[in-house]
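**Student:** Questions regarding the structure given below will be posed in turn.
Every read-out reported here was derived from the displayed coordinates using simple, explicitly stated rules and does not represent laboratory data. These figures come from a predicted structure and were not determined experimentally. Methodologically, a virtual Cβ is constructed for each residue, glycine included, from the backbone with ideal geometry; neighbour enumeration extends over all protein chains shown.
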């Protein structure tokens, strides 16, 4: 009897250790998703998406291992060490205490084609309400993605009417239901502009050169490849093998396309004669190759000045932060917030900065 009990105890410890090591391995793979090009190992992106859950599970196993006296606690502790630095990309305990008056306020917002507001709300009523909200934010620059108006609406006239005092630059594609694309609005002097089209994609990036007090800054308004799937539809179709395979193909394609699109933007950033802010809907989490590349030479506004959860996508809140404003090192973030307004399936990102006077490029 005692021998059987001892054997069960040994098997229990072995099983616990095996599962704990498995969790540790998955967490390591989520770290790798940040530095390995998805074009070479697309599956790592899924582990990056699961990072918040994997880290919580690993902490649970660490506590359990310590209580049980299982030696696997040491492995878990080592694997969790990077999370001491990475969890701040998802949650901040305290925002910036800097009270320096800002010289620049930027908003980035995927407006979701004006199709994700309260049920039965007319698209143009929603568009007008959302624009009224944006005017109240009193931002210097607005970077909008998935901006779509009905076919009978003139984009330039609509933007001029809704945003007096702003210069509007936009690039849209013509859909059967009307023009759709990115819009950048600036009430600061504009000295240059351009667009970056992505091959075989309706996504794009705009850039606008605006004049601040001391120098010019280039603001990129990016919308990188999305998964083009519905979370509710995915769950509904889990029993349909053909639809599951179709969803898998869409996800693999988007995962492989985003690094190419990021490379196009970074090529322009590196050759730009001025410093750069990179904002928009990246369709990728903070622990991703996309963010790792774009953060080179820039700070993450949420990490520097945010507070609480930084999630910007309404589904699976608070797990998904996919909208960003990354700023150059000669600016400093004064404030950052995410407004959980329900005009879109995304939430707007709002940040303010002042110039530090360093590195005029």
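**Student:** Taking other Cβ within 10 Å of each residue's Cβ, how do 288, 226 sort, fewest first?
**Tutor:** 226, 288
**Student:** In whole angstrom, note down how far apart the Cα centers of the range 323-338 and the range 250-316 are.
**Tutor:** Going from one Cα centre to the other spans 13 Å.
**Student:** A further question on this structure: Just subtract the alpha-carbon distance of residue 66 and residue 94 from 0.36 nm times their residue separation and send over the number in nm, one decimal.
**Tutor:** Gain on stretching residue 66 to residue 94: 7.1 nm.
**Student:** Given Cα pairs under 8 Å that are at least 6 residues apart, what percent is the relative contact order of the chain?
**Tutor:** Rounded, it is 21 percent for the chain.
**Student:** For the range 2-89, count the residues as N, evaluate 2.2 N^0.38 Å, and divide the Cα radius of gyration by that value, please.
**Tutor:** 1.27
**Student:** Between residue 35 and residue 213, what FRET efficiency follows from the Cβ-Cβ distance if R0 is 51 Å, with the result rounded to 0.05?
**Tutor:** 0.85
**Student:** Between residue 59 and residue 18, with labels modelled 7 Å along Cα→Cβ, what's the label distance in nm to one decimal, could you check?
**Tutor:** 2.8 nm
**Student:** Something else: Read through the labelled values (1) 521; (2) 129; (3) 168 and report the label of the one computed as volume of the Cα convex hull per residue in Å³ from the structure.
**Tutor:** (3)
**Student:** Now for a separate question. With a Förster radius of 25 Å, plug the Cβ-Cβ distance of residue 124 and residue 195 into 1/(1 + (r/R0)^6) and report the FRET value to the nearest 0.05.
**Tutor:** So, using R0 = 25 Å, E works out to roughly 0.45.
**Student:** Which order results if 346, 299, 223 are arranged by neighbouring Cβ count within 10 Å, fewest first?
**Tutor:** 299, 346, 223
**Student:** Quick one: if the Förster radius is 25 Å, what FRET efficiency do residue 342 and residue 172 give, using the C-beta to C-beta distance and rounding to 0.05? Intermediate results must be reported in sequence, preceding the final value.
**Tutor:** Values: r = 25 Å, r/R0 = 0.99.
Plugging the Cβ-Cβ distance into 1/(1 + (r/R0)^6) gives 0.50.
**Student:** Sort 62, 188 so that the residue with the fewest other Cβ atoms within 10 Å of its own Cβ comes first and the one with the most comes last.
**Tutor:** 188, 62
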